Amino acid sequence: MGYTFTIGNATPWHDKEDGVLSAGWRVKGVTLDDAPEFPNDDMTGKSNSRSPSYSGWSDFCKAVGIYSLFYDDHGHLHYGHPGCRLITPEDICVVSAARAKWQAKATLPPGFAKYPEFIGGEWVHPDIDKYDPQLARVLWLEFWMSWALANCETPAIQNT
(Lines give C-alpha, C1' and ligand atoms only; values in the text may rest on other atoms or scores of the structure.)
Protein backbone atom coordinates (compact mmCIF):
# COMPACT_ATOMS: atom_id res chain seq x y z
CA MET A 1 0.00 0.00 0.00
CA GLY A 2 1.08 3.54 -0.53
CA TYR A 3 0.36 7.00 -1.80
CA THR A 4 -0.06 8.30 -5.29
CA PHE A 5 1.20 11.88 -5.40
CA THR A 6 0.26 14.08 -8.34
CA ILE A 7 1.61 17.62 -8.67
CA GLY A 8 0.01 20.25 -10.91
CA ASN A 9 -3.13 22.32 -11.24
CA ALA A 10 -5.87 21.58 -8.70
CA THR A 11 -9.44 21.87 -9.89
CA PRO A 12 -12.61 21.48 -7.83
CA TRP A 13 -14.81 18.44 -8.26
CA HIS A 14 -18.09 17.30 -6.81
CA ASP A 15 -20.16 14.18 -6.86
CA LYS A 16 -23.66 13.36 -5.71
CA GLU A 17 -24.39 9.72 -5.16
CA ASP A 18 -27.37 8.34 -3.26
CA GLY A 19 -28.19 11.81 -1.95
CA VAL A 20 -24.68 12.34 -0.53
CA LEU A 21 -22.67 15.28 -1.83
CA SER A 22 -18.88 14.96 -1.94
CA ALA A 23 -16.50 17.69 -3.02
CA GLY A 24 -12.79 18.34 -3.10
CA TRP A 25 -9.82 19.08 -5.32
CA ARG A 26 -8.15 16.96 -8.00
CA VAL A 27 -4.86 17.29 -9.83
CA LYS A 28 -4.76 15.89 -13.36
CA GLY A 29 -1.88 13.75 -14.59
CA VAL A 30 0.59 15.39 -16.99
CA THR A 31 3.71 14.28 -18.84
CA LEU A 32 6.32 16.67 -20.18
CA ASP A 33 9.19 16.02 -22.57
CA ASP A 34 11.59 18.02 -20.38
CA ALA A 35 10.55 16.36 -17.11
CA PRO A 36 13.21 14.32 -15.31
CA GLU A 37 13.30 10.63 -16.06
CA PHE A 38 15.35 8.10 -14.13
CA PRO A 39 16.67 4.60 -14.77
CA ASN A 40 14.27 1.85 -13.71
CA ASP A 41 11.45 4.32 -12.94
CA ASP A 42 9.12 3.06 -15.66
CA MET A 43 5.95 3.67 -13.63
CA THR A 44 6.64 7.41 -13.23
CA GLY A 45 8.45 8.11 -16.49
CA LYS A 46 8.21 11.81 -17.30
CA SER A 47 4.95 12.29 -15.44
CA ASN A 48 3.83 14.43 -12.52
CA SER A 49 2.63 11.40 -10.58
CA ARG A 50 4.52 8.82 -8.52
CA SER A 51 3.37 6.05 -6.22
CA PRO A 52 5.74 5.36 -3.32
CA SER A 53 4.92 3.08 -0.42
CA TYR A 54 3.88 4.81 2.81
CA SER A 55 7.19 3.97 4.49
CA GLY A 56 9.18 4.74 1.32
CA TRP A 57 7.87 8.31 1.18
CA SER A 58 8.25 8.86 4.91
CA ASP A 59 11.82 7.50 4.86
CA PHE A 60 12.63 9.70 1.85
CA CYS A 61 11.26 12.82 3.55
CA LYS A 62 13.28 12.09 6.70
CA ALA A 63 16.47 11.31 4.75
CA VAL A 64 16.50 14.53 2.71
CA GLY A 65 15.18 16.77 5.50
CA ILE A 66 11.67 17.65 4.30
CA TYR A 67 9.65 15.54 6.72
CA SER A 68 7.97 18.55 8.37
CA LEU A 69 6.85 19.79 4.95
CA PHE A 70 4.63 16.71 4.57
CA TYR A 71 4.05 15.22 8.03
CA ASP A 72 2.92 16.34 11.47
CA ASP A 73 4.48 15.20 14.76
CA HIS A 74 2.27 12.09 14.76
CA GLY A 75 3.38 10.91 11.30
CA HIS A 76 0.19 11.97 9.51
CA LEU A 77 0.17 13.96 6.29
CA HIS A 78 -0.64 17.59 7.04
CA TYR A 79 -3.45 17.63 4.50
CA GLY A 80 -4.87 14.16 5.07
CA HIS A 81 -4.91 11.01 3.03
CA PRO A 82 -6.45 11.34 0.57
CA GLY A 83 -5.89 15.07 0.39
CA CYS A 84 -4.69 18.06 -1.57
CA ARG A 85 -2.64 21.10 -0.56
CA LEU A 86 -1.44 24.26 -2.25
CA ILE A 87 2.22 24.61 -3.17
CA THR A 88 3.84 27.85 -2.04
CA PRO A 89 7.11 29.56 -2.97
CA GLU A 90 8.32 28.71 0.54
CA ASP A 91 7.72 25.02 -0.15
CA ILE A 92 9.95 25.24 -3.23
CA CYS A 93 12.68 26.89 -1.15
CA VAL A 94 12.58 24.02 1.36
CA VAL A 95 12.70 21.35 -1.36
CA SER A 96 15.41 23.17 -3.37
CA ALA A 97 17.60 23.53 -0.29
CA ALA A 98 17.12 19.84 0.52
CA ARG A 99 17.96 18.88 -3.06
CA ALA A 100 21.12 21.00 -3.07
CA LYS A 101 22.27 19.54 0.24
CA TRP A 102 21.57 15.95 -0.83
CA GLN A 103 23.08 16.43 -4.29
CA ALA A 104 26.27 17.92 -2.84
CA LYS A 105 26.98 14.69 -0.95
CA ALA A 106 25.60 12.25 -3.53
CA THR A 107 28.09 9.78 -4.95
CA LEU A 108 25.70 7.92 -7.24
CA PRO A 109 23.51 9.13 -10.12
CA PRO A 110 19.75 9.45 -9.57
CA GLY A 111 17.74 6.34 -10.31
CA PHE A 112 16.36 3.14 -8.89
CA ALA A 113 17.58 -0.43 -8.66
CA LYS A 114 15.93 -2.94 -10.95
CA TYR A 115 13.57 -5.44 -9.43
CA PRO A 116 15.41 -8.56 -8.29
CA GLU A 117 15.53 -11.45 -10.72
CA PHE A 118 15.29 -15.14 -9.82
CA ILE A 119 18.38 -16.67 -11.41
CA GLY A 120 19.87 -20.08 -10.70
CA GLY A 121 17.60 -20.74 -7.74
CA GLU A 122 18.25 -17.44 -5.95
CA TRP A 123 17.20 -13.81 -6.03
CA VAL A 124 19.80 -11.60 -7.70
CA HIS A 125 19.90 -7.80 -7.37
CA PRO A 126 21.75 -6.75 -10.52
CA ASP A 127 22.29 -3.07 -9.70
CA ILE A 128 21.40 -2.58 -6.04
CA ASP A 129 24.17 -0.02 -5.37
CA LYS A 130 24.24 1.66 -8.78
CA TYR A 131 21.74 4.52 -8.23
CA ASP A 132 20.61 7.01 -5.59
CA PRO A 133 16.80 6.75 -5.27
CA GLN A 134 16.54 9.65 -2.78
CA LEU A 135 18.28 11.96 -5.26
CA ALA A 136 15.86 10.85 -7.98
CA ARG A 137 12.85 11.53 -5.72
CA VAL A 138 14.00 14.97 -4.61
CA LEU A 139 14.87 16.00 -8.20
CA TRP A 140 11.42 14.82 -9.32
CA LEU A 141 9.71 16.68 -6.47
CA GLU A 142 11.62 19.92 -7.07
CA PHE A 143 10.96 19.85 -10.82
CA TRP A 144 7.23 19.26 -10.56
CA MET A 145 6.62 21.63 -7.64
CA SER A 146 8.53 24.40 -9.49
CA TRP A 147 6.66 23.63 -12.70
CA ALA A 148 3.29 23.76 -10.92
CA LEU A 149 4.09 27.06 -9.23
CA ALA A 150 5.16 28.61 -12.54
CA ASN A 151 2.45 27.15 -14.78
CA CYS A 152 -0.70 26.42 -12.79
CA GLU A 153 -3.52 28.66 -11.60
CA THR A 154 -3.89 26.55 -8.46
CA PRO A 155 -0.53 24.77 -7.92
CA ALA A 156 -1.03 21.81 -5.63
CA ILE A 157 0.06 18.36 -4.61
CA GLN A 158 -2.63 15.70 -4.25
CA ASN A 159 -2.33 12.29 -2.66
CA THR A 160 -4.76 9.49 -3.27
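The values are calculated or read from the model by the stated rules, or taken from the named source; none is laboratory data. These numbers come from a predicted model, not from an experiment. Methodologically, a virtual Cβ is constructed for each residue, glycine included, from the backbone with ideal geometry; neighbour enumeration extends over all protein chains shown. Heavy atoms of the whole protein, side chains included, go into the accessibility calculation; ligands, DNA and RNA do not. Shrake-Rupley method; radii C 1.70, N 1.55, O 1.52, S 1.80 Å.
Across all C-alpha atoms in segment 79-146, the radius of gyration and Dmax reach 16.4, 52 Å.
Normalising the average separation of contacting C-alpha pairs (under 8 angstrom, six or more residues apart) by the number of residues puts the relative contact order of the chain at 34 percent. When you restrict to C-alpha pairs under 8 Å that are six or more residues apart and normalise by the size of segment 45-124, the relative contact order lands at 20 percent.
Which percent of the accessible area of segment 21-160 is formed by carbon and sulfur heavy atoms (probe 1.4 angstrom)? Write out the running numbers ahead of the final one.
Working: 4340 of 7970 Å².
About 54 percent, which is the carbon plus sulfur part of the accessible surface.
Quick one: what do you get for segment 1-57 if you divide its Cα Rg by 2.2 N^0.38 Å? Dividing the Cα radius of gyration by 2.2 N^0.38 Å gives 1.45. With all protein chains kept in place, the per residue accessible area of segment 1-56 amounts to 64 square angstrom at a probe of 1.4 angstrom. Taken over the chain, the percentage of Cα pairs per 10 Å bin, counting from 0 up to the bin with the maximum distance, is 10, 36, 34, 14, 5, 1. Taking Lys and Arg as +1 and Asp and Glu as -1, the other residues whose beta-carbon sits under 12 Å from that of His78 total -2.
Quick check on the chain: helices-only [θ] at 222 nm, where DSSP H runs of length 4 and up contribute -39,500 (n - 2.57) each and the sum goes over total residues. Nearest 500, please.
Details: 4 runs with 51 residues, N = 160.
Value at 222 nm, helices only: -10000 deg cm²/dmol.
For segment 17-87, the Stokes-Einstein estimate of translational diffusion at 4 °C and a viscosity of 1.567 mPa s comes to 88 µm²/s, using the Kirkwood hydrodynamic radius over alpha-carbon pairs. Site pair Ile128 and Lys105 shows an inter-label distance of 2.3 nm when each label is modelled 7 Å from Cα along Cα→Cβ.
Taking a straight Cα-Cα cut-off under 26 Å and skipping sequence neighbours fewer than 8 places away in the same chain, the lysines within cross-link reach of Lys130 are Lys46, Lys62, Lys101, Lys105, Lys114.
Assuming 0.36 nm per residue, please report the length gained on full extension of the stretch Met43 to Asp72 beyond their Cα-Cα distance.
Working: separation 29, 0.36 × 29 = 10.44 nm, distance 2.83 nm.
Additional length available on full extension: 7.6 nm.
What does the accessible area per residue of segment 67-160 come to in Å², with a 1.4 Å probe and no ligands, DNA or RNA counted? Can you show the working numbers first?
Details: 5410 Å² over 94 residues.
Result: 58 Å² of accessible area for each residue.
Starting from the residue with the highest accessible area, list Arg85, Arg26, Arg50 in decreasing order, probe 1.4 Å.
Numbers: Arg85 60, Arg26 120, Arg50 15 Å².
Highest to lowest solvent-accessible surface, that is Arg26, Arg85, Arg50.
Could you calculate, for segment 42-119, the ratio of the Cα radius of gyration to the Kirkwood radius, expressed as Rg to Rh? Before the final figure, lay out the partial values.
Numbers: Rg = 14.7 Å, Rh = 14.7 Å.
Over the Cα atoms of segment 42-119, Rg/Rh equals 1.00.
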